[in-house]
Amino acid sequence: MQNHHLLQLLRFFALMLFALVNGCNRADADHLGKITGIVGKRINPFLPTKTPFDPLLSSSNSHDLVSRIKTRFTLDRLLSPLQIEIVQENDKIYLRGQVKDESLRLRAKDIAETTEGTEPPTEIINQLTE
């Protein structure tokens, strides 16, 4: 059953590739848009309900913000081996722990500041030490 759906998906992508190679006019683009919508609805049941990026995309309450920052630190190759504590108190987020050098300290603060949900008046207090 799943092989049948995979075959249908491969046929669709082959059709899309064929259309791209041969060119499309405006009517073709509208038609392909409708087909894409239909295919999207049909393959939706086969897609995972959760992804590793869900914490980054979730709503922005205080607990979720700390979780998103932790997730971004975990995904960062330089910060993932470090033990960095993230604490939120009101509109302040404290980064605590030890890092190897100033560049990692600044990297951690930059990642925390650019995480979705970290908007003013949220303030990042960098208490990381070397």
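By the rule of a C-alpha distance below 20 Å, with chain neighbours fewer than 8 residues away ignored, the lysines paired with Lys92 are Lys70, Lys109.
What's the exposure ranking of Arg77, Arg72, going from fewest to most Cβ atoms within 10 Å? Don't skip to the end; give the middle numbers.
Values: Arg77 6, Arg72 19.
If I rank by nearby Cβ atoms, fewest first, I get Arg77, Arg72.
Taking the DSSP beta bridges with both ends in region 54-129, the antiparallel portion is around 45 percent. The phi torsions of region 7-15, fed into the Karplus equation with coefficients 6.51, -1.76 and 1.60 and a -60° offset, translate into couplings of 5, 4, 5, 5, 4, 4, 5, 5, 4 Hz, rounded to whole numbers, with Gly and Pro shown as x.
For a Förster distance of 41 Å, can you work out the FRET efficiency between the beta-carbons of Gln83 and Ile35, rounded to the nearest 0.05? Intermediate results must be reported in sequence, preceding the final value.
Details: r = 50 Å, r/R0 = 1.22.
Efficiency for this residue pair is about 0.25.
For region 107-114, 3J(HN,Hα) computed residue by residue from phi via the Karplus equation (6.51, -1.76, 1.60; θ = phi - 60°) reads 4, 4, 5, 4, 4, 5, 5, 9 Hz, glycine and proline entered as x.
Every number in this text was worked out from the coordinates using simple rules, so none of it is lab data. Keep in mind it's a predicted model, so treat the numbers as computed, not measured. Cβ coordinates were reconstructed from backbone atoms using ideal geometry, including for glycine residues, and neighbour counts include every protein chain displayed.
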